[in-house]
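Encoded as structure tokens, here's the structure I'll be asking about.
What follows is calculated from the coordinates using simple rules that are stated; it is not laboratory data. No experiment lies behind these values; they were computed from the predicted model shown. No Cβ is skipped: glycine too gets one built from the backbone with ideal geometry, and neighbour counts run over all protein chains shown.
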Amino acid sequence: NGDLKYPFPQEGKDYYGNLNGQPTGTTNKTLWKNYINWVRTNSTVNNYGYRKKYGYRTLMGYLIGQRKKNNQSEDLWRAPIYPFHAMKEGVTLFTDFLDGLQFGDYVGLVTYDDSSRVESVLNEDGVAETVDLGNELITNRYTDIDAIQRHKQASHYAPYTGMGYGIRDAKDLLQSHGRAGARPTMLVMTDGNANRSPSGWSLPGSWNWDEITDTDGDGLANYSTTDPHKQYAFWQAVEAANLGYTVHTMTVGAGADRDLMQAIAKACNGISIDAPGGATIEDMRSQLLVAFGKIAANVPPAKLLADPESDY
């Protein structure tokens, strides 16, 4: 019938984690042809001496470079693709830290790209672990939060960094599901290279960089940007801080915008953590644990919600 002997090895999943089904017919041929053409023509492949060499190494390079969304390739969550993998390891270390701390802290998870969403479910074809947080979107089920994020891959939904969207949703999550008396805190993990924001959005007229990022008291801004995507992220973070939320940042990757991440943390009464490019989370384990300890120590005391002198 003209079908190729072998199906292309990645079929992708839909938004709900269901496998799309092995490609057949013309679709299968096109997938293989695109991989073959990439190996033949990609300049980086040629520079490394792999032109017209077909196998696991070039196939992985093709999937990571050309088909890394989850609806294209379902298994790349297993691959340590940096800097995203460093961020995943950071979340694992952070949830382990909270578990060991036993302070009764609760945590939620928001992911972002060209949009954002609160993550609460893991129920995917081919994955043994399952999680459903139900309405417990902020929870002390650290292992479940970690399991959800470990099964995400670089560009899982889309290859963008809508940092402001994520901060907005995290702020909304804290408002809607935060525990009474708790002191809400946000930890933003990314490379800081925000590249998405609402169309036509601009900073409000009252925005004043000199007031918001003057960290040395000379009346002048120590940070500012004209990039609308980074402006949107900064504005959302300051909006969270204005609600009394503390915003910490953790920066990953060699090409990260560390200036932005540090400025956000300073403006929002937070701590800035840096995981430089080339360093693994395991390499930095002791430093990160110290930083997480500082974050824990930086949490203000709980609010008193009831008058102890009153009768119940």
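Out of region 48-109, which chymotrypsin sites (Phe, Trp or Tyr not before Pro) are coil in DSSP terms and have no more than 15 other C-beta atoms within 10 Å?
Loop-located and lightly packed - Tyr48, Tyr54, Phe103.
Between Gly108, Gly17, Gly164, where does the largest GNM mean-square fluctuation fall for the chain, given springs only between Cα atoms within less than 10 Å?
Gly17
With θ set to phi - 60°, apply the Karplus curve 6.51 cos²θ - 1.76 cosθ + 1.60 along region 167-182 and write out the HN-Hα couplings as whole Hz, x wherever there is a Gly or Pro.
5, 4, 5, 5, 4, 5, 5, 5, 5, 8, 10, x, 7, 4, x, 6
Under the rule of at least 5 residues apart or a separate chain, name every residue whose amide H is placed under 5 Å from the amide H of Met186.
Amide H neighbours of Met186: Thr246, Val247, His248.
Is region 155-296 best put as rounded, prolate or oblate by its Cα gyration tensor, with a ≥ b ≥ c the root eigenvalues, rounded for a/c under 1.5, and otherwise prolate when a/b is larger than b/c, oblate when not?
Since a/c stays below 1.5, the shape of region 155-296 is classed as rounded.
Among rounded, prolate and oblate, which fits region 58-214 when a ≥ b ≥ c are the square roots of the eigenvalues of its C-alpha gyration tensor, a/c under 1.5 means rounded, and a/b larger than b/c means prolate?
oblate
Oh, and also: Using only the Cα atoms of region 1-77, build the gyration tensor, take square roots of its eigenvalues as a ≥ b ≥ c, and label the shape rounded, prolate or oblate: rounded if a/c is under 1.5, else prolate if a/b is larger than b/c, else oblate.
oblate
If you restrict to DSSP beta bridges whose two residues both lie in the chain, what percentage is antiparallel, to the nearest 5?
In the chain, DSSP labels about 40 percent of beta bridges as antiparallel.
For region 248-256, what does the Karplus curve 6.51 cos²θ - 1.76 cosθ + 1.60, with θ = phi - 60°, yield as ³J(HN,Hα) per residue in whole Hz, taken in order and with x for Gly and Pro?
9, 10, 10, 9, 10, x, 5, x, 6
Among the listed pairs Lys68/Lys88; Lys88/Lys294; Lys13/Lys69; Lys29/Lys69; Lys69/Lys152; Lys230/Lys294, give every one whose C-alpha distance is greater than 18 Å.
Lys88/Lys294; Lys29/Lys69; Lys230/Lys294
Take the chain, connect every pair of alpha-carbon atoms lying under 10 Å apart with a spring to form a Gaussian network, then pick out the residue of Asp227, Asp218, Asp283 with the largest mean-square fluctuation.
Looking only at Asp227, Asp218, Asp283, the largest GNM fluctuation is found for Asp218.
May I ask you to evaluate 6.51 cos²θ - 1.76 cosθ + 1.60, the Karplus curve with θ = phi - 60°, for each residue of region 35-43 and list the ³J(HN,Hα) values in order in whole Hz, giving x for glycine and proline?
5, 4, 5, 5, 5, 6, 10, 5, 5
Same structure again: What residue among Ser224, Val39, Ile281 has its Cα farthest toward the positive end of the dipole of the chain, where the charges are +1 on Lys, Arg and -1 on Asp, Glu, each on the Cβ?
Val39
Also, quick follow-up: Search the structure for amide H atoms under 5 Å from the amide H of Val110, placed 1.01 Å from N in the peptide plane, and list their residues when 5 or more places away or on another chain.
Glu119
Here's another thing I want to ask about it. Given a 10 angstrom Cα cut-off, can you work out which residue in Gly55, Gly277, Gly162 is the most mobile in a GNM of the chain?
Gly55
Let me know the longest stretch in the chain that avoids all GluC sites (Glu not before Pro) found in a DSSP loop with at most 12 other C-beta atoms within 10 Å.
1-281
Work out the length of the dipole vector of the chain about its Cα centre, built from +1 on the beta-carbon of each Lys and Arg and -1 on the beta-carbon of each Asp and Glu, and round it to the nearest 20 debye.
1840 debye
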